[in-house]
2 protein chains.
Amino acid sequence: VADLRLTLEYDGTDFQGWQRQAEGTRTVQQTLEEALGRLLGTPSTVVGAGRTDAGVHAEGQVASLRLDASLGPAELWRALNALLPPDLAVVDLAAAPPGFHARRDARRKTYRYRIWNAPLRSPLRARFSHHVASPLDVAAMAAAARLAVGTHDFRSFQTAGSEVGSSVRTLYRAEVLGRPGDEIRLEVEGDGFLRHMVRNLVGSLLRVGLGRAAPDSLAAVLAARDRASAGAAAPGHGLTLVRVDY
Amino acid sequence: VADLRLTLEYDGTDFQGWQRQAEGTRTVQQTLEEALGRLLGTPSTVVGAGRTDAGVHAEGQVASLRLDASLGPAELWRALNALLPPDLAVVDLAAAPPGFHARRDARRKTYRYRIWNAPLRSPLRARFSHHVASPLDVAAMAAAARLAVGTHDFRSFQTAGSEVGSSVRTLYRAEVLGRPGDEIRLEVEGDGFLRHMVRNLVGSLLRVGLGRAAPDSLAAVLAARDRASAGAAAPGHGLTLVRVDY
């Protein structure tokens with residue numbers, strides 16, 4: 001028996017998110033497990049570090065897989081990529097420590113959210129960024145984002161109905177980069193993320209960027225520990241899971 | 001009667017190229033003309049500066065349109081963008097000199113060809129770049145590309161069967177930028193391009209980059225004035241029509 005670590009890149013546009021769902025729903029997990037099943041001749045289960053939503057992309061999603069087969073990692077890697085569709089690839093596959101679990105063992109995750117901030121939508125950027133036509137105040141957004149850095153109860157940024165266990169998380173970094181007329185990016189790094197936490201945070205930052213709330217309103221939103229206090233979730237297609245550290 | 005100049009951006013992946021074809025074939029021209037028809041209540045014809053192939057993208061394709069309507073350019077622009085699909089947008093629309101013809105009046109065109117040069121294919125880059133797994137010699141490709149700059153008979157780079165008129169064109173610029181393990185780009189600027197000329201040029205540059213031909217072989221390929229002397233056409237999805245100057 002061998003424990004493996006797979007690093008995955010995908011264009012999330014045509015996937016209904018990571019997690020396996022009802023028969024006939026195209027998800028990343030289901031596509032990967034189906035390819036593994038064809039290759040190994042036996043059903044396989046992979047565990048993803050983050051359960052990305054529909055439309056969310058990944059440069060470095062990580063999955064764990066316990067393997068009973070005689071196939072070496074290098075062979076499995078090559079064979080798997082040959083079977084996977086153009087919008088999903090295994091960019092690394094290596095032996096992992098015994099018992100490796102991609103979700104439980106993750107220590108740090110990095111996400112990027114892209115906003116195309118120009119009067120007109122851009123067909124070449126449409127799959128990978130959220131279009132906001134009105135000019136955004138990047139400095140105000142950056143100041144607000146800094147208030148989210150640190151250890152907080154992020155319940156205000158957790159989609160209602162999804163509460164499980166503690167909603168305390170630590171953000172190591174939350175930077176807003178770029179300028180109006182071009183792409184604006186939020187980059188966040190933390191020890192873990194609640195359901196829709198990045199997208200809900202972007203929703204609140206957009207209120208600040210549009211001048212509908214002051215930068216320091218973010219502290220009040222956090223303190224409220226109430227989902228209703230934060231902005232609406234920004235759409236999934238602007239979000240990319242950049243990397244997972246162990 | 002007013003002559004208009006439309007600047008278009010599109011993700012070419014799901015279009016069968018620019019030019020209107022048989023009923024039921026989705027092309028950029030057909031999609032644009034259909035939207036204009038719905039808007040103006042009368043059939044409209046647009047002329048494109050370049051007849052991009054299936055899969056080829058545009059940041060700045062230009063089209064001309066002769067308009068009989070009372071609609072002002074600003075109104076038409078807004079209404080048109082509201083009707084067009086996510087993968088096609090009018091990024092500029094302005095009055096043009098009387099008789100303006102997007103193809104005949106074009107003085108200069110700029111194209112970009114993207115190569116993703118890494119051992120593994122990249123799902124996030126798959127729509128917009130051609131994947132080449134073996135490392136490319138960028139300096140050799142750049143040297144070969146420089147030999148194409150100037151006024152030449154480019155018949156060797158013209159897809160057979162498409163000869164019309166002179167095949168003499170002037171390239172003002174042909175630069176290869178980037179490095180292996182990352183994206184490598186060819187940027188070309190010229191007074192006009194023959195059918196598949198950029199893609200055929202990329203095919204020859206790839207032979208050089210892979211060490212199968214010397215950089216100065218490009219001079220011989222040009223001199224041969226024979227399509228069979230050049231490399232195979234590189235695929236359309238790596239190509240973008242960047243801009244057209246008048």
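Rounded to the nearest 500, what is chain B's calculated 222 nm mean residue ellipticity when only DSSP H runs of at least 4 contribute -39500 (n - 2.57) each, over all residues?
On the way: 5 runs with 54 residues, N = 246.
Helices in chain B give a 222 nm mean residue ellipticity of -6500 deg cm²/dmol.
How many angstrom separate the Cα center of region B:57-130 from the Cα center of region A:60-116?
38 Å
Mind listing the label-point distances from B:Gly37 to the same position on all other copies, shortest first, one decimal in nm, points 7 Å along Cα→Cβ?
4.5
Taking a label point 7 Å out from Cα toward Cβ, give me the nm distances from B:Leu210 to the same spot in the other copies, shortest first, one decimal.
Here the equivalent label points are 5.1 nm apart from this one.
Calculate the all-directions average of the projected area of the protein assembly as shown's alpha-carbon convex hull, and give it in nm².
The number I arrive at for the protein assembly as shown is 26.8 nm².
Hey, can you list the residues from region B:109-132 whose accessible area shrinks by 20 Å² or more with all protein chains present, relative to the chain by itself (probe 1.4 Å, no ligands or nucleic acids)?
Residues passing the criterion (a loss of at least 20 Å², heavy atoms only) are B:Leu120, B:Arg121, B:Pro123, B:Leu124, B:Arg127, B:Phe128.
When the accessible area of region A:104-168 is computed with all protein chains present and a 1.4 Å probe, what percentage of it is carbon and sulfur?
Carbon with sulfur: 54 percent of the solvent-accessible area.
For region B:93-195, which trypsin sites (Lys or Arg not before Pro) pass both filters: DSSP loop (anything but H, G, I, E, B) and at most 11 other C-beta atoms within 10 Å?
Hits after loop and neighbour filter: B:Arg104, B:Arg107.
Comparing the chain by itself with all protein chains present, which residues of region A:9-57 are at least 20 Å² less accessible (probe 1.4 Å)?
Listed by number, the residues meeting the 20 Å² cut-off are A:Glu9, A:Asp11.
Just the number, please: percent antiparallel of the DSSP beta bridges in region A:1-73, rounded to the nearest 5.
Here the antiparallel bridges make up roughly 100 percent for region A:1-73.
What nm distance separates the two modelled labels at B:Asp216 and A:Ala232, each placed 7 Å from Cα along Cα→Cβ?
About 6.5 nm separates the two model spin labels.
Hey, rough spin-label estimate for A:Arg173 and B:Arg173, points 7 angstrom out along Cα→Cβ, what's it come to in nanometres?
With each label placed 7 Å out from Cα toward Cβ, I get 3.3 nm.
Test of understanding: in a Gaussian network model of chain B with alpha carbons linked when under 10 Å, which of B:Gly150, B:Gly231, B:Gly17 would top the mean-square fluctuation ranking?
B:Gly150
With every protein chain left in place, what is the accessible area per residue of region A:138-213 in square angstrom, probe 1.4 Å? Walk me through the numbers before you get to the answer.
Working: 3190 Å² over 76 residues.
It amounts to 42 Å² per residue over region A:138-213.
Check each residue of region A:70-95 and keep those whose accessible area, probe 1.4 Å, is at least 10 Å² smaller with all protein chains in place than in the chain alone; give them in order of residue number.
When all protein chains are present, A:Trp77, A:Asn81, A:Pro86, A:Ala89, A:Val91 each give up 10 Å² or more of accessible surface.
Rolling a 1.4 angstrom probe over the protein heavy atoms, how many square angstrom per residue are accessible across region A:1-124? Don't skip to the answer; put the middle values down first.
Numbers: 5520 Å² over 124 residues.
Result: 45 Å² per residue.
For A:Thr151, which inter-copy label distances result when the label point lies 7 Å beyond Cα on the Cα-to-Cβ vector, reported in nm to one decimal and in ascending order?
So the distances to the same position in the other copies read 7.4 nm.
Interface size between chain A and chain B, please: total buried accessible area, 1.4 Å probe, rounded to the nearest 100 Å².
The buried area between A and B, both sides summed, comes to about 1700 Å².
Which Cβ of chain A lies nearest the axis of the rotation superposing A onto B, and at what whole-Å distance?
Reported as residue, whole Å: A:Arg127, 4.
So how much slack lies between A:Arg38 and A:Glu183, counting 0.36 nm per residue of separation and subtracting their Cα-Cα distance, in nm?
Full extension of this stretch gives 48.1 nm more.
Of A:Ala145, A:Ala96, A:Ala22, which has the largest mean-square fluctuation in a 10 Å C-alpha GNM of chain A?
Checking each option, the largest mean-square fluctuation is seen for A:Ala22.
The values are calculated or read from the model by the stated rules, or taken from the named source; none is laboratory data. Since the structure is predicted, the reported quantities are computational estimates derived from the model, not experimental observations. Note: ideal-geometry Cβ built from the backbone for every residue, glycine included; neighbour counts use all protein chains shown. These area figures cover heavy atoms from the full protein model, side chains too; ligands, DNA and RNA do not enter into them. Shrake-Rupley method; radii C 1.70, N 1.55, O 1.52, S 1.80 Å.
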